[in-house]
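Step one of this worksheet: look at the structure below.
The values are calculated or read from the model by the stated rules, or taken from the named source; none is laboratory data. From a predicted model like this one, the values you see are computed outputs, not experimental measurements. Here the Cβ positions follow ideal geometry from the backbone for every residue, glycine too, while neighbour counts run over all protein chains shown. Protein only, heavy atoms only, side chains kept; ligands, DNA and RNA dropped before computing areas. Shrake-Rupley method; radii C 1.70, N 1.55, O 1.52, S 1.80 Å.
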Amino acid sequence: MTSALITFAVIAWLMQIALGWWQIQRFNRAFDRLCQQGTVGVGRSGGRFKPRVILALAFDEQQRVCGSLLMRGLTIFAQPKQLSELHGMHQQNLCPDVIFPEDQACQTALSLAIKPKS
């Protein structure tokens, strides 16, 4: 009985590692494609027990959104998605509370993604 429980725990742990690696690979491929489109701003939010949000925006020379990536979720099955409704918007016109009126985590991630880095 103890041996079966230990075996199950080891298999679950190895699956978590493999699926986590798979998720990171998907994110890295999407992020690499985004970085080829222009200057990229990245923001994230979330905590230990809340769904995490990672939002990245690519800006062209006129500071307009030319690419986007949103990844949210609690599990390893979260996958990157595009926010095509933001494409073409100027950086100064991105208002997190207007774009995501009821999602505080996305508001935080967007505000960090559009903040100028020093």
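A cut-off of 5 Å between modelled amide H atoms, ignoring neighbours fewer than 5 places along the same chain, links Gly46 with Val53. The longest part of the chain holding none of the exposed loop trypsin sites (Lys or Arg not before Pro), meaning those outside H, G, I, E and B in DSSP with at most 12 other Cβ atoms within 10 Å, is 49-116. FRET efficiency for the Arg33 to Gln63 pair, using the beta carbon distance and R₀ = 22 Å, is estimated at 0.65. Helix 104-114 and the longest principal axis of the C-alpha atoms of the chain enclose an angle of approximately 60°. Identify which of the listed values of log10 I(q)/I(0) by the Debye sum over Cα atoms at q = 0.12, 0.14 Å⁻¹ was calculated from the structure shown: (1) -0.49, -0.62; (2) -0.36, -0.50; (3) -0.40, -0.55. Correct label, based on the coordinates given: (1).
Taking amide H as placed 1.01 Å from N in the peptide plane, Asp103 has no amide H partner under 5 Å among residues 5 or more places away or on another chain.
How charged is the neighbourhood of Gly41? Take every other residue with its Cβ under 14 Å from the Cβ of Gly41, and add Lys/Arg as +1 and Asp/Glu as -1. Its environment carries a net charge of +3. Each part gets one Cα centre, and for the range 20-39 versus the range 86-118 those centres are 20 Å apart. What number comes out for accessible area per residue over the range 1-114 if the probe is 1.4 Å? Units Å², please. Here the per-residue accessible area is 66 Å². Once neighbouring chains are kept in place and the probe is 1.4 Å, which whole percent of the accessible area of the range 1-85 is contributed by carbon and sulfur? Looking at the range 1-85 in its full context, I get 62 percent from C and S.
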